[in-house]
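These notes concern the structure reproduced below.
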Amino acid sequence: MSAVAVAPRSHRAKEVRRHTLIYLGLAPFLVLAVFPILWMAITAIKQDSDLYLVDAVPFWFRQAPTWKNFDFLFHNTSYGDWIINTMVISFWVSVITLLTAMPAGYALARLRLPFAESLGIGIFMTYLVPAIILFIPLARVVSTLDLQDSWWSLVVVYPTFTIPFCTWLLMGFFKTVPFEIEEAAMVDGCGQLGALIRVVLPVSWPGLITATIFSFTLSMQDFLYSLAFVSISDQKPVPLGVATELIRGDIYFWGSLMAGALLVGVPVAILYNLFLDKFITGITGAAIK
Amino acid sequence: MTQVSPGGPSPPGSLSIPVGARAWGGGWWRTPTARRYLFGYVLLAPAVLYVALLVGVPFLFSLYLAMSDASVGAPVARFIGLENFSSALENAVFYTAVRNTLVFTIGAGILKGLLGTTLAFLLLQPFKGRKVVRALIVIPFTLPIAVSVLGWKWMFDSQFSVINWALSRLSLIGAYGSPDWPVWLGQPALALFSVMFVNVWRGFPFSAIVLLAGLTSVPPEILDAAKVDGANFLQRFRKVIVPMIAPILFIGTAFDTVFTLSDLSIVYLLTNGGPDGATEILPTLAYNTGIRGGALGRGAAISLFLFPLLLPAMILLLRTLRRRQI
């Protein structure tokens, strides 16, 4: 047999072996990451009595799958309100964040201001001042504004972490927009503001969309602020509502708990997933460029 | 806002101040540079003010609250000096909380580091289906935390835990009710392990992805050069890869530490500090004292004890970012 004929086959065998090893290495991680979600999903569509059959294999259905747990959410709890609250909170947080972080990110990236880098780092550092240190003084702020027990309190508070993050993110983004397009606009008679609005903004929509997505997903990650500031049922955002209203005394509505958690958790996870690289570049951008 | 100076249109960001403008306008603030600064600081003002008013001021306010007897019921607070801090230090639960916070953060940090490194090196290899695997593996990090903790609460159920079902079928533990049936959230040592495990579960994809971003930023030529020079894998890892990805590692560690130290939701939803204080951490103690118990001053004092723990992470981040900017 000639060497030429052997080479590709042994190469393929080597590739197969390599892939097998990698898949074997990854398998435990995959199970660890995905199993809890599958388990939640199965629980969400199981009948209540099916959940408590200890002798049956729990990974499949003894009784027919059901949408009952979802019905329960919409008919016996304020789940519909929670979804609306979550959407409206995220909308206003995004508006506040874009209106403040966009100009700030632009100014830090483009206008060669004295101390621009220090200011940028300073704003970004506030992202690291955690809610657990701020929630008690902010409780006072919220009650001074007379917003306790209203989801508006969260609209005021969430920008404390979305603005620092998105300013940093947009600063990095604006650095990548070529200078020439602004210069050309100014040669054509636009002022600095005119160039920003007419020329820079239209090419910046990917950055703005990213900032909007993060205003939404970061707001959804919060638990502490909503727990501390909102206790009226129909004012709660979804994570808080599900975690507090579906456990009554010692009774856990496991099916509905999982249904309610996944119904918003999965879309958020998908969105976040799509933008994860931007998140990582956002927080580490300065370190890898 | 026009940029036209006597010498013709001046590009933005040009550092040269047109001489004509200065002599003719009669003040530095009329120069394009000054206008650009003004424009810039006006654009910056809303973000800076928002952050200053709702992060800076509350932070200072929490220092004041911590030295007052403020409570939810009494709007007027008295200054009581360091009494809140000293009464925290006299409380045995406080020491348990500090110990648990440290064990939790350090233990979970080490586990996330180990799992994340292994996973990063696996994901660094080219293989079929890499994108899908990556997207699935980061799910724990992308799911809202309160949502996934509820799933874990169900998996740790005292009677219907799916983990126990599997262990029992594998004959690793006895049947329900037997003495070796683990009650994950009900036995002190197991409870601390369980809350740590959920934190690790949520954080290991983040460690892996950050590390992966660092590893892919190392130019292959440098590794090849090291290989040619006869460096083996461990030497290349220690002498080439680690120094090159150190900044990104520092930043990732700083973020993860801050998130872990300050996260309330895992412990609050799983055990709320129980059984018998076995999982009490500073965040739950601060929340239960300050908001549930209504003693705002005492709660603020307890949460401020987190600050010295957070400080190293923040300094590390600041120094890394600073050094990179220069």
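Since every read-out is calculated from the coordinates, none of them should be taken as a lab result. Not measured: the values here are computed from a predicted model. Quick reminder, even Gly has a Cβ in these numbers, built from the backbone with ideal geometry, and neighbours come from all protein chains shown.
Summary of values
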quantity	calculated
Nearest-ten-degree value, helix B:32-51 long axis tilted from longest Cα axis of chain B	20 degrees
Taking the C-alpha atoms of the stretch B:244-304, convex hull volume expressed per residue in Å³	89 Å³
Residue-averaged beta-carbon neighbours from other chains (10 angstrom radius) around A:232-239	2
Segment B:V72-B:K131, extension gain: residue separation times 0.36 nm, minus the distance between their alpha carbons	16.2 nm
Pairwise FRET efficiency - A:F74 versus B:V103, Cβ, R0 = 25 Å, nearest 0.05	0.05
Protection proxy ranking of B:218-228, A:164-174, A:259-269 - average other beta-carbon atoms within 10 Å, highest first	A:164-174, A:259-269, B:218-228
Interchain or long-range residues, amide H under 5 Å from B:S68's placed H	B:I80
Order of B:T253, B:T117, B:T284 under a 10 Å beta carbon neighbour criterion, fewest first	B:T117, B:T253, B:T284
Of the DSSP H helices in chain A, those whose Cα atoms cover at least 20 Å axially and whose Kyte score averages 0.0 or more	A:3-44, A:79-110, A:159-175, A:205-221, A:254-274
Burial ordering of B:W165, A:W254, fewest other beta-carbon atoms within 10 Å first	B:W165, A:W254
Fewest-first ranking of A:K14, A:K236, using other Cβ atoms within 10 Å as the exposure measure	A:K14, A:K236
Most to least packed among B:315-321, A:99-105, A:62-68 [average Cβ atoms within 10 Å]	A:99-105, B:315-321, A:62-68
Highest-first arrangement of B:274-281, B:91-98, B:301-308, where packing means the average Cβ count within 10 Å	B:301-308, B:274-281, B:91-98
Surrounding net charge for A:A33, when Lys and Arg each add one and Asp and Glu each subtract one, Cβ distance under 14 Å	+3
Virtual paramagnetic centre 7 Å along Cα→Cβ of A:V31, amide N under 17 Å, in the stretch B:150-176	B:162-173
R0 of 35 Å, Cβ-Cβ distance A:I197-A:I270: FRET efficiency to nearest 0.05	0.60
Counted charge near A:D277, where neighbours are those whose Cβ lies closer than 12 Å (Asp, Glu -1; Lys, Arg +1)	+3
Where labels lie 7 Å past Cα in the beta-carbon direction, separation of A:A184 and B:L318 in nm	4.3 nm
Shielding score for A:102-111, defined as the mean number of other chain Cβ atoms within 10 Å	6
Between the stretch B:103-172 and the stretch A:97-155, the alpha-carbon center distance in angstrom	32 Å
Stokes-Einstein translational diffusion, the stretch A:3-68 - Kirkwood Rh over all Cα pairs, 1.002 mPa s, 20 °C, in µm²/s	139 µm²/s
Average beta-carbon neighbours from other chains, 10 Å sphere, peptide B:314-320	3
Cα Rg over Rh - the protein assembly as shown, Kirkwood	1.01
